[in-house]
There are 2 protein chains.
Amino acid sequence: MADHSPHGATAPAGVDDVPRRTAAEEARTLVAGAVIATLSTLTADGHPWGSLVSFATLADGSPVLCLSTLAEHGRNLQGDPRASLLVAEAIGPAEDPLEAGRVTLSGSAHEPDGAETAAAREALLAVHPTAAVYVDWDDFALWVLRVDRVRWVGGFARMVWVDGRAYAVARPDPVAPYAAGAVRHLNEDHADALLEMAQALGGRPDATAAACTSADRYGLDLRVRTPDGPADLRVAFTPSVDAPDGLRAATVALTRQARDALRPSG
Amino acid sequence: MADHSPHGATAPAGVDDVPRRTAAEEARTLVAGAVIATLSTLTADGHPWGSLVSFATLADGSPVLCLSTLAEHGRNLQGDPRASLLVAEAIGPAEDPLEAGRVTLSGSAHEPDGAETAAAREALLAVHPTAAVYVDWDDFALWVLRVDRVRWVGGFARMVWVDGRAYAVARPDPVAPYAAGAVRHLNEDHADALLEMAQALGGRPDATAAACTSADRYGLDLRVRTPDGPADLRVAFTPSVDAPDGLRAATVALTRQARDALRPSG
């Protein structure tokens, strides 16, 4: 498993050294942000079968599905519980889908009982309220996919295996739903602060302009202009962000840290 | 097979009686409008595996893929050629994906040779020019999926099986790429003509307002207001449209037909 873990917060600045989400966290984050996926199941004669499904997840990231027992995929799972779920990042029409993130969750499905049924039902209805119409019908069944292994693909030729246990214990990035808005705001209103971060904390004192390309709980990715041409770098939040609304405070703290470092001493 | 064929052009007006795309044509049209899909294959131990792929199609609708022999799906197909491809209609963020169209193409993949290789390569590069970078690399292979059976789902609980032969000979709707623009134009600038169509040709002489909800080579779907409440109906193009740019002329002809029918006689 080529998974990589966040480094200590004191690691030197640079794209490769600064803490970043693990592949397990990337997978959990991507799955947490999606409500539709493609389910692959096996027909009675063992043929692979793809179908579109809505889904939710339990606390450990196990997907929850509600499938008609009359539909192909519902019948397929009753015959053979092996399944995988492909979840693709939502992207705009101008973006290349093969450059976007996606994850395959592979495992075995079961019909929950007891407390797991209640949890599965609740998770599903929280994300798909319209499922209330059919979730209790006799010809619909709840399924939970126990994930054994995970293939996360971050874009063209950028891919990592994650085992089921690492996937289950990883936490989705709490700031992911707010990251795009934060990046837009930083670029529109705080280009000066981004440049100071790049100069003081990103190892590029020669940077002449900076833009933020992405934000996550561990830091910001910046693209800078320098006399040598464009460069990518990353600056870390210390500490990393634990709350969904923590991105603003962390960015303010990072700006202050950069300004303190740039202030002439003596 | 519950497939339904277009009726004669002289069929009486009404939602169910007016010519409409067959399920095979719906499937071909949906597939022709997509460039990304989910491929379901089998791992070495027979587990179903979903992955995101770009694809193109040959003239008979057979999907063409170019897969790395190092990637899961490429290795899977080398081990077992059985596969299916789920193609989902592109929709806006506000739309419910489970109400949108999708199609599962199930069959067996093979590496083409001779003339089929050239055709597959050309089809792929026409849709995915960036594949020129890797299509001829040693560790990438072209695959053609021979489609044996097709499951078209037009929305929640609206689904039809199509056999591979019917899929192969059906033609994608040539006007599909222009339909959304035509619908917008009709609703913005020609609401009067739509109302006349509904009154004269759609069996609703009592309609007081009309909007177009979709357009295809066989006709227009209209939603009308009447003293009894809203109603859906369909009006047919006679003849149906064969050319990609034929929607405008067909709509003008339909308007003239409606006005002639409404003109006081004697």
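Relative to the other identical copies, A:Asp192 shows label-point distances of 5.8 nm, where the label point lies 7 Å from Cα along the Cβ direction and values run shortest first.
For B:Arg158, go 7 angstrom from Cα along the Cα-to-Cβ vector, then report the distances to that same point in the other copies in nm, smallest first. Result, one decimal in nm: 3.9.
Calculate the FRET efficiency for B:Thr117 and A:Asp45 from the Cβ-Cβ distance with a Förster distance of 30 Å, rounded to the nearest 0.05. Given R0 = 30 Å and the Cβ-Cβ separation, E is 0.50.
Relative contact order of segment B:130-249: 19 percent, from C-alpha pairs under 8 Å at least 6 residues apart in sequence. With a cut-off of 13 Å between beta carbons, the residues surrounding A:Gln78 carry a summed charge of -2, where Lys and Arg count +1 and Asp and Glu -1.
Under 16 Å from a label point set 7 Å out along the Cα-to-Cβ vector of B:Arg248, the amide N atoms of segment B:160-184 belong to B:175-184. Spacing of the modelled spin labels on A:Thr238 and A:Glu188, each 7 Å from Cα toward Cβ, amounts to 3.2 nm. If a/c stays under 1.5 just call it rounded; otherwise compare a/b with b/c (prolate if a/b is bigger, oblate if not). Do that for segment A:142-266, with a ≥ b ≥ c from the square roots of the Cα gyration tensor eigenvalues. It is prolate, given that a/c is not under 1.5 and a/b is the larger ratio. Between the Cα long axis of helix A:176-189 and the first principal axis of chain A there is an angle of about 30°, rounded to the nearest 10.
Would you mind checking the tilt of helix B:23-32 against the longest principal axis of the Cα atoms of chain B, expressed as 0 to 90 degrees and rounded to 10? So the inclination is approximately 60 degrees. Ranked from shortest, the separations from the 7 Å Cα-to-Cβ label point of A:Gly181 to its equivalents in the other copies are 3.5 nm. Charged neighbours of A:Ala200, selected by a Cβ distance under 10 Å, balance to +1 (K, R count +1; D, E count -1).
Sorting A:177-185, A:74-82 by average packing, meaning the other beta carbons within 10 Å per residue, from highest down gives A:74-82, A:177-185.
Summary of the geometry: segment B:191-242 and segment A:53-126, compared by the centres of their Cα atoms, lie 40 Å apart. Normalising the average separation of contacting C-alpha pairs (under 8 angstrom, six or more residues apart) by the number of residues puts the relative contact order of chain A at 19 percent.
A short reminder: the numbers here are calculations on the coordinates, not readings from a lab. The model shown is predicted, which means the values in this text are computed figures rather than measured ones. Positions of Cβ are generated from backbone atoms using ideal geometry, with glycine treated the same way; all protein chains shown enter the neighbour counts.
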